[in-house]
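The values are calculated or read from the model by the stated rules, or taken from the named source; none is laboratory data. Only a predicted model underlies this, so the values are computations on that prediction, with no experimental measurement involved. Positions of Cβ are generated from backbone atoms using ideal geometry, with glycine treated the same way; all protein chains shown enter the neighbour counts. Calculation scope for accessible area: heavy atoms of the full protein, side chains included, ligands and nucleic acids excluded. Shrake-Rupley method; radii C 1.70, N 1.55, O 1.52, S 1.80 Å.
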Amino acid sequence: MDYFLIASLLVITSAVFGYVNLRFLKLPNTIGLMLMGILLTLGLFLFARIDDTPLHFAEDLIERIDFKTVVLDVMLGFLLFAGALHTDLERLRKQGWPIVLFATVGVVTSVLLVGVLVHWGFAAVGHPVSFMYCLLFGAVISPTDPIAVLGVMKQAGVPVALETNIVGESLFNDGVGVVVFITLVSIAQGTAAEGDLIGAVAYTFSIEVFGGVLLGLLLGWICYRLMRRINDYEIEVMITLACVMGGYAGAQLLHVSGPLAMVTAGLLLGNSGVRQASMSERTEELVDKFWHLVDVLLNALLFVLIGLELLVVDFGATELLAGLLAVVLVLFARYTSLLLPVRLFAKKLDFPKHTTAIMTWGGLRGGLSIALALGLPASPDRDLLIAVTYVVVVFSILVQGLTLGRLTNRLLGRKSAAPRSAAS
């Protein structure tokens, strides 16, 4: 089966699912597409009792897709740039320090808490996992997924200030989570000294994170200078595309964070002042439409893939029980890791009541966590952790994503809140 056929089948499936969702289910696209992917998978398992040919065909298709590579090396850069390009930089500046703390201290605290809690919890249900792999699971599951968050936040009716914090955190904390994950993997494989964990994390953080941000600033500045000197929307769209593709490839060669480079470049080019100085109204409109379309298409493919990944994840009673336990422990760890940053800025930035609870429930996990889980080094615990990650991701998107608006309204004492448009 060649890659063009695989891509064609995925696009056809995504288009059909998207139509059915808009016509009948009327769920947020990310949630609806993933739900139908899961239902299709379950249907194939049931139909296999009559004829297992379709199931084997679907399993073969999914096994040929390197989900980790597709997400981390192909989709992530485009999606982060598109999300950052349409994010209000002024709002992020007002919430700058809380977002920094959420994306750094919050993530590291969550990694440690999740590691300790699941190490105890998995042992309690009769399936002990080594502490190092529990920490790796913490690094896999602690970063909130910007793709999932951006996909449902507008429909949830979350107050603007909280939405800015959740979206801003999700745009930046994946880079931090990946850095911690890479460091812990090197320790687990014996390529870094476990006793020097703090030094290893600090060194990798300084190179990957700050290097990624600096690269993003450089890319954004180059694109701004190029676009300012011309007035041709076709070439200017190509310049933004070259920024993402060339910039992400360059980040890999330089060993700096590609995701953070794309977020930084996207925020810079999306800034209203930069737009006015470098783009005509026509160019601005078409650049936005192009990247919105890229965002929609890749999101559709990604969440269909997440649903279909169930075909190749090994599930049993132990994995399901461990996964449900992990859901509770991950939510507790996220709530605890947010307490200090929220309290530090609650009065200064006038956070509404129950900010910690809303941000906990709104911290969705998605394809990034599954991709990182698939990147775990070989171990007897690997298959369990992949299955547990899948359970947490599915619960996060289907349950938390669908109930976030209702929970927000109840906690804030509102009857209802209309979803905001993408332009708001």
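Number of Lys-Lys pairs in the chain with C-alpha atoms under 25 Å apart and a separation of 8 or more places or on different chains: 11.
Ranked by the mean number of other Cβ atoms within 10 Å per residue, highest first, peptides 29-42, 318-331, 262-275 order as 262-275, 29-42, 318-331. Nonpolar atom fraction for the chain, defined as the carbon and sulfur part of the 1.4 Å probe accessible area, stands at 66 percent.
Taken about its Cα centre, the chain carries a charge dipole of about 1860 debye when Lys and Arg each add +1 at the Cβ and Asp and Glu each add -1 at the Cβ. Take the chain with all the other protein chains still there, run a 1.4 Å probe, and you get 45 Å² of accessible area per residue. Using the Cβ-Cβ distance between Val16 and Lys347 with R0 set to 51 Å, the FRET efficiency works out to roughly 0.50. Say each of Val160 and Arg91 gets a label point 7 Å from the Cα, pointing the same way as Cα to Cβ; how far apart are those two points in nm? Reported label-point gap for Val160 and Arg91 is 0.8 nm. Measuring nothing but how far apart in sequence close Cα pairs (under 8 Å, 6+ apart) lie, relative to its length, the chain scores a relative contact order of 27 percent. At q = 0.11, 0.16 Å⁻¹, what log₁₀ I(q)/I(0) does a Debye calculation on the Cα points of the stretch 233-379 give, no solvent, two decimals? Here the Debye-derived log intensity ratios amount to -0.73, -1.18.
In this label model, Trp221 and Ala378 are separated by 4.6 nm, measuring between points 7 Å along each Cα→Cβ vector. Highest mobility in the GNM of the chain, judged by mean-square fluctuation with C-alpha springs under 10 Å and restricted to Tyr335, Tyr203, Tyr133, is found for Tyr203. Comparing Phe332, Phe67, Phe102 in a Gaussian network model of the chain, where Cα atoms under 10 Å apart are tied by springs, the biggest mean-square fluctuation is seen for Phe332. Fully extending the segment from Val399 to Leu324, taken as 0.36 nm per residue of separation minus the present Cα-Cα distance, adds 25.7 nm.
Kindly provide the helix-only [θ] at 222 nm of the chain, computed as the sum of -39,500 (n - 2.57) over DSSP H runs of four or more divided by all residues, to the nearest 500 deg cm²/dmol?
The helix-only estimate for the chain comes to -24000 deg cm²/dmol at 222 nm.
Hey, rough spin-label estimate for Ile50 and Arg23, points 7 angstrom out along Cα→Cβ, what's it come to in nanometres? Inter-label distance under the simple model: 2.2 nm.
For the stretch 316-339 and the stretch 34-49, what is the centre-to-centre distance using only Cα atoms, to the nearest Å? Using only Cα atoms to place each centre, the spacing works out to 25 Å.
With the highest mean first, a sort of the peptides 142-148, 205-211 on other beta-carbon atoms found within 10 angstrom per residue produces 142-148, 205-211.
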